[in-house]
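The values are calculated or read from the model by the stated rules, or taken from the named source; none is laboratory data. On a predicted model such as this, the values are computed, not experimentally measured, just so you know. Reconstructed Cβ throughout: ideal geometry from the backbone, glycine too, with neighbour counts over all protein chains shown. Note: accessible area is taken over every heavy atom of the protein model, side chains too, but ligands, DNA and RNA are not part of it. Shrake-Rupley method; radii C 1.70, N 1.55, O 1.52, S 1.80 Å.
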Amino acid sequence: MIVNPAGLFTPVAGEKKLGLAVSGGPDSLALMLLAARWTKSDPTGPQLIVYTVDHRLRPESAAEAEMVEGYAASLGLEARILRWDDPKPEAGIQAAARQVRYRLMGAAMAHDDVNILLTAHHRDDQAETILMRMAHGSGVGGLAGMRRFAEPEGVRVFRPLLDLEAAHLRKAVEAAGWDAATDPSNADSEYERVRWRQAMPGMAGLGLTQERLATLAARMARIDDLAERETSALWASHIRCDAFGVFSVSRSVFDDAHPEVAMRVLSRAIQHGSGRMMRSLGAIEDLAGLLAQPRFARVTLGGAVIEADCNRILVYREVGRMEPASTELRPGQAIVWDQRFRICADRPGLSVAPACDMTRRAFRTILGYEPDVPVAALRAAPQVVSDAGEIQALGTKTLRGGIALAHLALT
């Protein structure tokens, strides 16, 4: 049984408010019970607000949301029912529901001034996640499993139950006399996670238990944290980002780095250079192999161009993948452009677009010098122009006042 619920929530005890993600299933109901017991034992603890989402995917969903609201009220907790009223996709429904769930709860949290959302992910979920990632070829970071703190879909999440088994959570709910909701998709083998769940008993018989998988995740997390620390140190001391969003590193520094650190540096540079998340470890490993070849010159990956010679490696946005249309800049209203630059203007009549049609000579004339990077990299930079067609800024170089530009990797 769960003897000391207070210990589960120690990392977030200093928060004024906490959100609870409660679906009505046994895991999330147990989370609500344990969190309520914790705050009841400590009157100075955070205020709890329960968020439950009616996805409107099943006829029972509205009643289940109301059930959660009723159980929350019995514990003296506020509850918000959030409804997904938009049209539902024909494919990828679980992934879409997850995104919507976090979007709705994130918006509600912002309204309620709540910074952290508690979710009921437990040891069984962790084991399934590790097996899925292993099957998909994840690296060290993936095999570290779910972390206690994370930011899915931009929502800051804390998972206090990762060390607890689902069976213990179910017993806590049964002891309270509550009836948990049952989602039939949790037993539908059409979904990959369910297939892994069904395979777990057989693997446990061979010694691959949930506990062993949790131990693996903890060990991988330690290695991942070490690699990230080394990567951040190299990034801070040797990676340069210029005014146009071009990332560069000395070839000798890159070649001397540990292979794991070098690949993580590449992944970061592609992510920041393109503004898109780089998820494929296999593609990064292949790229690292290509860079080791003496005749490597140029390749595109993940919306970025990777270019190298004997002196340096450059990573920059692939201009051919960019939308050439311009975006109006409203005075005093900051925008994130191409997921790479934050731009704000304090005067009207300005718009921003990629400098797709600029020549090297034009860059030299406007800037007063010639940037030491390929012209294709310069053309992917933001160009701010007035209604009269006059260029006001290139990259983060402002030619007229009243415009602030910064690359997100440097903010």
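Residues of the range 24-31 include none that is buried (at least 18 other Cβ atoms within 10 Å of the Cβ) and either more than 22 Å from residue 166 (Cβ to Cβ) or in contact with a Gly (Cβ under 6 Å, 6 or more places away or on another chain) (or both). Being of a type in the set (D, E, K, R) and without any contact (Cβ under 8 Å) to a residue 24 or more places away in the chain is the filter here; which residues of the range 391-411 pass it? If the condition is that a residue be of a type in the set (D, E, K, R) and without any contact (Cβ under 8 Å) to a residue 24 or more places away in the chain, then 400 is the only one that fits.
Selection within the range 32-50: residues that are over 29 Å from the mean Cα position of the chain (by Cα) and not in a helix (DSSP H, G or I). The member of this set that is surrounded by the most Cβ atoms within 10 Å (Cβ to Cβ) is 42.
Okay, residues lined up against (1) of a type in the set (Gly, Ala, Ser); (2) touching a His at 6+ places or on another chain (Cβ under 8 Å); (3) more than 19 Å from residue 373 (Cβ to Cβ):
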{"site": "245", "(1), (2), (3)": "yes, yes, no"}
{"site": "273", "(1), (2), (3)": "yes, no, no"}
{"site": "291", "(1), (2), (3)": "no, no, no"}
{"site": "305", "(1), (2), (3)": "no, no, no"}
{"site": "312", "(1), (2), (3)": "no, no, no"}
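Cβ separations smaller than 6 Å between residues 6+ apart or across chains give the following pairs from the range 373-390 residues that are touching a residue at least 60 places away in the same chain (Cβ under 8 Å) to residues that are open to solvent by 30 Å² or more (accessible area, probe 1.4 Å): 376/319; 379/319; 379/356; 380/319. Of the helices (runs of 4 or more DSSP H) lying entirely inside the range 250-309, those containing at least 2 residues that are acidic (Asp, Glu) are 251-256, 281-291. Residues in the range 229-259 that are within 24 Å of the chain's Cα centre (by Cα), crowded, with 17+ Cβ neighbours inside 10 Å and of a type outside the set (A, V, I, L, M, F, W, C): 231, 245.
For the range 355-367, the set of residues classified as assigned to a helix (DSSP H, G or I) and either crowded, with 18+ Cβ neighbours inside 10 Å or not polar (S, T, N, Q) (or both) consists of 360, 361, 362, 363, 364, 366, 367, listed by residue number.
Per-residue answers, yes or no, for (1) touching a Cys at 6+ places or on another chain (Cβ under 8 Å); (2) over 26 Å from residue 408 (Cα atoms):
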{"residue": "214", "(1), (2)": "no, yes"}
{"residue": "225", "(1), (2)": "no, no"}
{"residue": "232", "(1), (2)": "no, no"}
{"residue": "246", "(1), (2)": "no, no"}
{"residue": "251", "(1), (2)": "yes, no"}
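Within the range 251-283, the set of residues being more than 27 Å from residue 406 (Cα to Cα) and aliphatic (A, V, I, L, M) comprises 257, 281, 283.
Of all residue pairs spaced 6 or more apart or on separate chains, those with beta-carbon atoms under 8 Å, a first member in the range 313-337 that is within 30 Å of residue 251 (Cβ to Cβ) and a second member that is open to solvent by 20 Å² or more (accessible area, probe 1.4 Å) and acidic (Asp, Glu) are 313/307; 314/307; 315/307; 316/307; 317/338; 322/338. Tell me, which residue of the range 368-407 that is aliphatic (A, V, I, L, M) and in contact with a Lys or Arg (Cβ under 6 Å, 6 or more places away or on another chain) is least open to solvent (accessible area, probe 1.4 Å)? Among them, the one singled out is 380.
What do you reckon, is residue 352 over 18 Å from residue 386 (Cβ atoms) and among the β-branched types (Val, Ile, Thr)? Judged against the criteria, residue 352 is not a match.
Can you find, within the range 143-169, the residue that is surrounded by the fewest Cβ atoms within 10 Å (Cβ to Cβ) among those that are under 14 Å from the mean Cα position of the chain (by Cα) and free of Cβ contacts under 8 Å to residues at least 24 places away in the same chain? Selected residue: 151. Step by step: first the residues of the range 279-312, then only those that are open to solvent by 70 Å² or more (accessible area, probe 1.4 Å) and in contact (Cβ under 8 Å) with a residue 40 or more places away in the chain, then the one that is farthest from residue 344 (Cα to Cα). Which residue is that? Checked the range 279-312; the qualifying residue farthest from residue 344 (Cα to Cα) is 310. Selection of the range 322-354 for residues being exposed (fewer than 15 other Cβ atoms within 10 Å of the Cβ), among the charged types (D, E, K, R) and not in a loop (DSSP other than H, G, I, E, B) yields only 328. So which residues in the range 4-60 are within 17 Å of residue 123 (Cα to Cα) and without any contact (Cβ under 8 Å) to a residue 40 or more places away in the chain? Residues satisfying the conditions are 5, 7. Residues in the range 170-219 that are open to solvent by 50 Å² or more (accessible area, probe 1.4 Å), modelled with pLDDT under 90 and outside any helix (DSSP H, G or I): 182, 183, 188, 189, 190, 191.
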